[in-house]
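The values are calculated or read from the model by the stated rules, or taken from the named source; none is laboratory data. Please read all numbers here as calculations on a predicted model, not as lab measurements. For neighbour counting, all protein chains shown are included, and Cβ atoms are generated from backbone atoms with ideal geometry for every residue, glycine included.
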Amino acid sequence: MFNEIYKRIKEYDNIVIARHIGVDPDALCSSLALRDSIKLTFPNKNVIAVGSGSQKFNKVGSIDKYTTLDDALLIVLDTPDKKRVDTAIVDLFKYKIKIDHHPFIEKFCDIEYIDDNKSSTCEIIMELLKKVDLECNETIAGLLFLGVASDSNRFLFNTCTSNTFKLVSEYMDKYNFDLEELYPKIYSRPMNEVRLQGYISLNMKITDNGVGYAIIDNDTQVEYKVDSAAAGNMINNFNFIEEAPIWVTVTEDVRNAFFRISVRSRGITVNKVCEKYNGGGHIHAAGARVKNLDEAMNLINDLDKLLGEMKNDN
């Protein structure tokens, strides 16, 4: 299928690369890396990577302003369903390609390359660049490394396989990117975010069956001078709470009038619960967007019931 993807990239002079709403490093890095690789290989093509930005990741690279391109190819990365595509209007494009590592939800592209056994979409793009005639350089390789490292929580998750480490090793040998230069682009944080993490630690509650959750309302965000994405982006920092095999952050987004929910677990399937609340994601890492705190608490209660049922079964 990589050859068919490459054939379509060669065919179109105008290419738009999109990814999911609520950007994370894997979605951003895969978009920028593929854009820059295509432009490096085909300098005369018009290639843009689009989507809403995030102040937290502005050191990673710059996205492009969305413009309507005639007779354009759309490549959607790291996004399992059409409703979560950021900025680009999928149905306006003549031909569409999806490259993703989330579990399948719906088909909305002409070519769909999905491998939910991969650590990240960046790992898939690493394989794509190896197997077809798309160029790479130190900057592109560094972006792909950041996406893999971030989505695997710095290689802690079981989604990292021997193939993941082989690919990363090959790219490090060939392109010699600097880890100490790369990591701060996604892991350095201002003191106000460090203090927010302390607030979450102090205010996290744990349900009877072991769901840890923290609610970060707009007043708290104003007090700590953070945006609504900040709490969700630090969800993995609470991976090692013994009493909470599932942990959740609920963040108010006043601007868009919803609450952003991030859910993580150790070995427990949580994406099915999130799908009931206009969300979804990976088996052990998922999220949702709800209209109010009552809905958020309903989701948390469903996770608590899930844990309770598991305890009873055991």
Inset, instruction - Kindly state which helices (runs of 4 or more DSSP H) lie completely within the range 110-229 and contain at least 1 residues that are aromatic (Phe, Trp, Tyr). - result: 138-151, 162-175, 184-187, 191-203, 218-224
Legend entry - Test result for residue 59, among the basic types (Lys, Arg) and in a strand (DSSP E or B): no
Inset, instruction - Considering (1) among the hydrophobic types (A, V, I, L, M, F, W, C); (2) over 22 Å from residue 66 (Cα atoms); (3) surrounded by fewer than 24 Cβ atoms within 10 Å (Cβ to Cβ), say which one residue 126 fails and leave the rest. - result: (3)
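Picking from 118, 96, 83, which residue would you name as being without any contact (Cβ under 8 Å) to a residue 40 or more places away in the chain and surrounded by 17 or more Cβ atoms within 10 Å (Cβ to Cβ)? Explain how you work it out, then say what you get.
Numbers: 118 fails: without any contact (Cβ under 8 Å) to a residue 40 or more places away in the chain; 83 fails: surrounded by 17 or more Cβ atoms within 10 Å (Cβ to Cβ).
The match here is 96.
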Inset, instruction - Scan (1) in the same structural domain as residue 273 (by TED's automatic domain parsing); (2) modelled with pLDDT under 95; (3) not hydrophobic (A, V, I, L, M, F, W, C) for the single condition residue 159 breaks and write down its number. - result: (1)
Inset, instruction - Quickly run through the range 131-162 and pick out the residues that are free of Cβ contacts under 8 Å to residues at least 40 places away in the same chain and over 25 Å from residue 59 (Cα atoms). - result: 158, 162
Inset, instruction - For residue 90, state whether it is touching a Phe, Trp or Tyr at 6+ places or on another chain (Cβ under 9 Å) and touching a residue at least 12 places away in the same chain (Cβ under 8 Å). - result: yes
Inset, instruction - Looking for whichever is surrounded by 13 or more Cβ atoms within 10 Å (Cβ to Cβ), in contact with a Leu (Cβ under 9 Å, 6 or more places away or on another chain) and either farther than 29 Å from residue 187 by Cα or among the β-branched types (Val, Ile, Thr) (or both) here; the options are 241, 216. Which one fits? - result: 216
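Looking at the structure I just gave you, is residue 195 outside the structural domain of residue 47 (by TED's automatic domain parsing) and closer than 30 Å to residue 220 by Cα? Reasoning before the result, please.
Numbers: outside the structural domain of residue 47 (by TED's automatic domain parsing): yes; closer than 30 Å to residue 220 by Cα: yes.
So residue 195 fits the description; yes.
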Legend entry - Members of the range 34-71 that are buried (at least 21 other Cβ atoms within 10 Å of the Cβ), modelled with pLDDT under 95 and in contact with a strand residue (DSSP E or B) (Cβ under 7 Å, 6 or more places away or on another chain): 51, 63
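Kindly provide the set of residues from the range 94-109 that are at pLDDT 95 or above and not in a strand (DSSP E or B), ordered by number. Steps first, answer last, please.
If we filter the range 94-109 for residues that are at pLDDT 95 or above, which is where we start, we get 95-101, 107-109.
Listed by number, the residues that qualify are 101, 107, 108, 109.
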Legend entry - Residues of the range 159-202 that turn out to be within 27 Å of residue 214 (Cβ to Cβ), surrounded by 15 or more Cβ atoms within 10 Å (Cβ to Cβ) and within 19 Å of the chain's Cα centre (by Cα), as a count: 5
